[in-house]
Amino acid sequence: MSEQFKLCILFGDKGDIRPPAQIGNDWDMSEVPVALQVQPFESDANWAAKKAEIASWGLAPIKVASHFIQFWGLKAVGPNVDWEQLEFWTRRAFRRLAELGVETVGIYGGFFAVPAGFSREVAMTQALRFCHLLADHAEAHGMIVALEPQSDLANLWPRYREGIAFAKLVNRPSVKVMADLNYFLKLNQPLEDIAIEPEFCAHVHIAEGAGQPGTGDRHELYERLFRILRDIHYTKGVSCACAWVNTDDGGSGGPLNFGRETRKTLAYLQALRAKVYAEV
């Protein structure tokens, strides 16, 4: 059997209700949110403590990063972009991600929304500059940048194929694209677009509309996606980057049992992956 794609989980976006230590290490890999966990503006001493805390959680290998810039006024396009701030953040972020073992860094399409009244041409110039900055540091650490088209038409590249076209404009070997199922659905994009230029697909996000995979009506859609990934010999990550809900509380709305729900979701995805790969 050919190598299978990996099942990944995004951790630590809301540590109070989604404790990373409850996830377990049976996932193939983990995805770290940069702004929420790595926090490049924190001192190196604080980072050393945070890195030790992350190690104590016993997660599966951390191979992917997302949530790259948030808060602190960070932005990639629009008026008054602070390039000194972006350059400091990006340099430190990639160095720290390398220390965690990250291989692929997701960059959200929402970072490239053109403000009302702002020049789209200038925004494109800024976006290209930022992506070259990302590529410089990615290539220094042997990483890949995965641009995530986000379906908001205010963005410079809201659709997956537009994301590929933009990556080609950047024209750096480290700059690829991420496929996010929710954003495919929002703009009625065919999943088969992933197979047109499969070498550009560097990461995949999946979710239900309002919860984790297996809690809604997307089973057939996941099967279709998994077959596409199998057929293009995709071997990177398929990440649960989603809202989480309780499935065994009888509708009481009680506190989220994150450990239980992540175990159930992993079992669901493992079974579905096994079924798809068993077909060939």
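The values are calculated or read from the model by the stated rules, or taken from the named source; none is laboratory data. Small disclaimer: the values here were computed from a predicted structure and weren't measured. Cβ placement follows ideal geometry from the backbone for every residue including glycine, while neighbour counts extend to all protein chains displayed.
A few points about this structure:
- Residues that are at pLDDT below 95 and in a helix (DSSP H, G or I), drawn from the stretch 18-36: P20, A21, Q22, A35, L36
- The stretch 119-131, subset among the small types (G, A, S) and either in contact (Cβ under 8 Å) with a residue 24 or more places away in the chain or touching a Leu at 6+ places or on another chain (Cβ under 9 Å) (or both), residue farthest from M178 (Cα to Cα): A123
- Long-range neighbours under 6 Å by Cβ, at least six apart or interchain, first residue under 24 Å from A271 (Cα atoms) within the stretch 17-34, second in a strand (DSSP E or B) and of a type outside the set (A, V, I, L, M): D28/K6; M29/K6; M29/C8; M29/K63; M29/G237; E31/C8; E31/S66; E31/S239
- Scanning the stretch 100-118 for residues that are part of a strand (DSSP E or B) and either among the hydrophobic types (A, V, I, L, M, F, W, C) or in contact (Cβ under 8 Å) with a residue 60 or more places away in the chain (or both) yields T104, V105, G106, I107, A113.
- Considering L134, L147, L97, L128, the condition of being among the hydrophobic types (A, V, I, L, M, F, W, C) and surrounded by fewer than 20 Cβ atoms within 10 Å (Cβ to Cβ) is satisfied by L128 alone.
- Qualifying residue in the stretch 188-207 (condition: out of contact with any helix residue (DSSP H, G or I) (no Cβ under 9 Å at 6 or more places or on another chain) and crowded, with 20+ Cβ neighbours inside 10 Å): yes
- Pairs, first crowded, with 16+ Cβ neighbours inside 10 Å in the stretch 253-280, second of a type in the set (D, E) and assigned to a helix (DSSP H, G or I), C-beta under 8 Å, six or more apart: L272/E223; V276/E223
- When each of V81, V64 is tested for being β-branched (V, I, T) and out of contact with any strand residue (DSSP E or B) (no Cβ under 8 Å at 6 or more places or on another chain), the lone residue that passes is V81.
- Exclusive hit being farther than 30 Å from I17 by Cα, not in a strand (DSSP E or B) and not β-branched (V, I, T), set R273, R224: R224
- Filter pass, I228 being over 20 Å from the mean Cα position of the chain (by Cα) and either exposed (fewer than 14 other Cβ atoms within 10 Å of the Cβ) or modelled with pLDDT of 95 or more (or both): no
- Filter result (on the phi > 0 side of the Ramachandran plot, within 17 Å of the chain's Cα centre (by Cα) and of a type in the set (F, W, Y)) within the stretch 27-77: none
- Here V102, V64 are screened, and the one residue that is closer than 17 Å to D136 by Cβ and crowded, with 22+ Cβ neighbours inside 10 Å is V102.
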